[in-house]
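First comes the structure, then the notes that go with it.
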């Protein structure tokens, strides 16, 4: 790959300025042109002033030392007789603050490599590769960083073109494009222009997004537009972004003379509100547009209910998923973090695989995870791994239970959703390496109590200001150890391999867990023991969990680890109505509490904003975290009742659990086998169920089961409990 190209970079140090490269070439009539290109950094390419492709922040983020995606573009429609190819190059994930010095061993700064293949009408091929004949100049982008934003000087026209230098960075890491491209999607006009008590002018776009702002203005040469981003306003209605920590998240644009349009090119922001710090006289709010960007994933799942608050919660979940699916499954899109945290990824993957066709997205990320896994099986807190200050200590490399379990949980979830044994076989070595790492850590007593453990991150049961919750860390770690072993055993069986060792290991861990933890103290401890099949007396444990929830006013206390399993643990053990009480709770702490506070995405903390308008903290307080959005998995699979009967939805299980407090609930899913519908609606004391299945399905309603072929079905449950099948 790229046999006729070299890495190029500017021949002089230009500091923070983004370089622009160019190459001129001639093309005969009917010539076909194919551009192969990538960068250590992020790039934007143009042919004759026309943008090439729609990949924003190309080539995306991978484990650059091991894998760097290469893009191909057909330039034939843009060709002229005389042509100019230009490419601007930014730091992106490679050389910005997000990565510190992680990739210095590859190159001291951003680099570009490309090949242009020109095929004449007679079949003759001419290859134009990046080399010393390409030229560079300073671009109008004077500064660009993912955390801090961008400075653009529209007065600058690239000039003083000089020849490039080449760098022997190597090409062994180059791979074809694997993931989905990041592209622009929804566009939002301001819904309101606010004048805050502090005298600030703030545009409210009505929806928090990951993306950038595009604006058009009439200006004099040298006038400036300065913009700052925020997720929320403070209790007094003032602009607030202290929770961005050190991320400046600003856009500065220096105007040229006349009418012009501006936007960011090599960065993105997480925001709903935009403070206009400076703008030319006569600027108009309607000339500002917020543009969302995320990986170009096909939407597959939809939920509609009769309850407006529940619908808003679901939309908030979808938006937090979109905003954090920016080439890697990030934790948040706004502050000085935006990393591919393994824990966040495994927590949400079940819900996301209902909402989106994310097979390529996660396959690409899991390959980076596998490449960065240590020989002993340990994995980093986040992937791709960078020298983030919090985890510079090598002893904290391994991310511990629930986080590093992404190595096992994510591949298994992918297999359940798509039924692809080839991918499962590919990921199996990574899965086994992780389990073997934990086996060594846990030792012969099978209780994992070593290493860095996050516990039940941000749980509420340990008091104000606590991060890790009251659930015992060794209980959580051992529970996830058992769960991972169980999954590996199932994966081996699926692939026709001997799983005896792992089945026996699971039984040994379960026995050890029961001996070490004969009773449970928190909602999370109960939920994990029940969901992972570890409880010695599941009926008793489920009753105790339900009683604990009810005693707490039908409110949860769980954090990142317990929340995804809490409703499942209840509903799978006969307490679906208690699970619904948690879902429909409006008082703090609850999912709907944030909805009533005006949220348009999912919060990192149950009390990111308190009832009095104050904030949990400035240290770690994202208003756009998808982890608690994992509840959508329960909404699809239990409330809606749609589950794969066999992996990849070769067959279906349709078993919705209805609740009288919701008048109507409808779930729609586009599976690899076709479209599925599952819905229910109350009428007086009766309930009507409606289904559409593209494959054979098992329909379970009120302890009655039907095996049906592909088709549409309706059932009526009468007040006496009798279920009657109606027309097909």
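Would you check if residue 150 is under 29 Å from the mean Cα position of the chain (by Cα), part of a strand (DSSP E or B), more than 20 Å from residue 3 (Cβ to Cβ) and in contact (Cβ under 8 Å) with a residue 60 or more places away in the chain? When the stated conditions are applied, residue 150 passes them.
Regarding residue 336, is this residue assigned to a helix (DSSP H, G or I) and within 25 Å of residue 267 (Cα to Cα)? Answer is no for this residue. Among residues of the range 176-211 being in contact with a strand residue (DSSP E or B) (Cβ under 6 Å, 6 or more places away or on another chain) and within 26 Å of residue 136 (Cβ to Cβ), the one that is surrounded by the most Cβ atoms within 10 Å (Cβ to Cβ) is 182. Taking the criterion of being under 25 Å from residue 293 (Cα atoms) and in contact with a strand residue (DSSP E or B) (Cβ under 6 Å, 6 or more places away or on another chain), the residues of the range 212-223 that qualify are 212, 213, 214, 215, 216. Confirm whether residue 294 is surrounded by fewer than 24 Cβ atoms within 10 Å (Cβ to Cβ) and either part of a strand (DSSP E or B) or not assigned by TED's automatic domain parsing to the domain that holds residue 213 (or both). It is false that residue 294 is surrounded by fewer than 24 Cβ atoms within 10 Å (Cβ to Cβ) and either part of a strand (DSSP E or B) or not assigned by TED's automatic domain parsing to the domain that holds residue 213 (or both). For the range 708-721, filtered to residues that are loosely packed, with under 11 Cβ neighbours inside 10 Å and in contact with a strand residue (DSSP E or B) (Cβ under 9 Å, 6 or more places away or on another chain), the residue that is modelled with the highest pLDDT is 709. On inspection, residue 167 qualifies as modelled with pLDDT under 95 and crowded, with 16+ Cβ neighbours inside 10 Å. Residue 375 meets the stated requirement of being more than 15 Å from the chain's Cα centre (by Cα), surrounded by fewer than 18 Cβ atoms within 10 Å (Cβ to Cβ) and over 20 Å from residue 458 (Cβ atoms).
Could you check, for the range 199-213, whether at least one of its residues is under 30 Å from residue 8 (Cα atoms) and out of contact with any helix residue (DSSP H, G or I) (no Cβ under 8 Å at 6 or more places or on another chain)?
Residues of the range 199-213 that are under 30 Å from residue 8 (Cα atoms), as a first pass: 211-212.
Filter once more, so that each one left must be out of contact with any helix residue (DSSP H, G or I) (no Cβ under 8 Å at 6 or more places or on another chain): 211-212.
The answer is yes, given that some residue of the range 199-213 is under 30 Å from residue 8 (Cα atoms) and out of contact with any helix residue (DSSP H, G or I) (no Cβ under 8 Å at 6 or more places or on another chain).
Check whether at least one residue in the range 295-309 is free of Cβ contacts under 8 Å to residues at least 12 places away in the same chain and out of contact with any strand residue (DSSP E or B) (no Cβ under 6 Å at 6 or more places or on another chain), and report yes or no. Yes, the range 295-309 contains at least one residue that is free of Cβ contacts under 8 Å to residues at least 12 places away in the same chain and out of contact with any strand residue (DSSP E or B) (no Cβ under 6 Å at 6 or more places or on another chain). Residues that are surrounded by fewer than 20 Cβ atoms within 10 Å (Cβ to Cβ) and either assigned to a strand (DSSP E or B) or within 30 Å of the chain's Cα centre (by Cα) (or both) within the range 658-677 comprise 662, 664, 666, 668, 670, 672, 673, 674, 675, 677, listed in sequence order. Take the conditions (1) buried (at least 21 other Cβ atoms within 10 Å of the Cβ); (2) in contact with a strand residue (DSSP E or B) (Cβ under 9 Å, 6 or more places away or on another chain); (3) farther than 30 Å from residue 693 by Cβ; residue 649 misses just one of them, which is (3).
Any chance the range 273-285 includes a residue that's buried (at least 23 other Cβ atoms within 10 Å of the Cβ) and closer than 14 Å to residue 185 by Cβ? No; the residues of the range 273-285 include none that is buried (at least 23 other Cβ atoms within 10 Å of the Cβ) and closer than 14 Å to residue 185 by Cβ. When residue 25 is evaluated against the numbered criteria (1) part of a loop (DSSP other than H, G, I, E, B); (2) surrounded by fewer than 20 Cβ atoms within 10 Å (Cβ to Cβ); (3) in contact (Cβ under 8 Å) with a residue 40 or more places away in the chain, which criterion, by number, is the only one it fails? Here residue 25 meets the rest and fails (1). Residue-level analysis places residue 286 among those that are outside any strand (DSSP E or B), out of contact with any helix residue (DSSP H, G or I) (no Cβ under 6 Å at 6 or more places or on another chain) and in the same structural domain as residue 229 (by TED's automatic domain parsing). Residues in the range 589-604 that are closer than 23 Å to residue 551 by Cβ and touching a helix residue (DSSP H, G or I) at 6+ places or on another chain (Cβ under 9 Å): 590, 591, 592.
Filter the range 49-93 down to residues that are part of a strand (DSSP E or B) and crowded, with 17+ Cβ neighbours inside 10 Å, then give me how many there are. Residues meeting the conditions: 13.
The values are calculated or read from the model by the stated rules, or taken from the named source; none is laboratory data. Just so we're clear, the structure is a prediction, and the values are computed from it rather than from any experiment. Don't worry about glycine lacking a Cβ; one is built from the backbone with ideal geometry, like all the others, and counts go over all protein chains shown.
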